[in-house]
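Q: Got a structure for you, written out below as structure tokens; questions coming shortly.
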Amino acid sequence: MRVEEIMCTHLEICRPEDSLQAAAQSMWDHDIGILPVVAADGRLTSVITDRDIAMAAYTRGKPLGDIKVSEAMSKRLVTVLPSDDVHLAEERMRAEQVHRIPVVDLGGSVKGIITINDLAHHLRSRKMANGVTPEEVAGTVAAISAPRAAASGAQARA
């Protein structure tokens, strides 16, 4: 099964120069937790999550309207292609401990998002006969949810 068969193609985006206020408002309005960050040329440059916004607000102590998306967006970008097998997306989610991965074309333009929820929701469909197994999804959820090394070290000091 290919990523394009289950990815979400209805996307909201933001720009690096947008404020976190605008990004948060878009997330709220569309009941989503991630926005692809797209440059003026249409290429995906990063993503920003609701957690990125919350942590930026906490660490900077400034109103969201005073913080740009570029200041809080993710520093690492994990992507897959629409033609990639869903196993590759699942493996990248597990390895990078992310719940969602942008789907881009060969030119770097965002075409969709695939999420752990997409994998879970499609487990019951006949299409998933060639997709990931329930055990693989459960393993990915466990890997995503595991404390990261830096986070667990901080918890140990607390």
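The values are calculated or read from the model by the stated rules, or taken from the named source; none is laboratory data. Please read these numbers as outputs of a predicted model, since none were measured by experiment. Positions of Cβ are backbone-derived with ideal geometry, glycine not excepted, and every protein chain shown enters the neighbour counts.
Q: Filter region 1-60 for residues that are free of Cβ contacts under 8 Å to residues at least 60 places away in the same chain and among the basic types (Lys, Arg); which is surrounded by the most Cβ atoms within 10 Å (Cβ to Cβ)?
A: For region 1-60, the residue satisfying everything is 15.
Q: Kindly check whether there is at least one residue in region 44-61 that is farther than 16 Å from residue 112 by Cα and β-branched (Val, Ile, Thr).
A: Yes, region 44-61 contains at least one residue that is farther than 16 Å from residue 112 by Cα and β-branched (Val, Ile, Thr).
Q: Would you check if residue 81 is modelled with pLDDT of 95 or more and in contact with a helix residue (DSSP H, G or I) (Cβ under 6 Å, 6 or more places away or on another chain)?
A: Against the criterion (modelled with pLDDT of 95 or more and in contact with a helix residue (DSSP H, G or I) (Cβ under 6 Å, 6 or more places away or on another chain)), residue 81 does not qualify.
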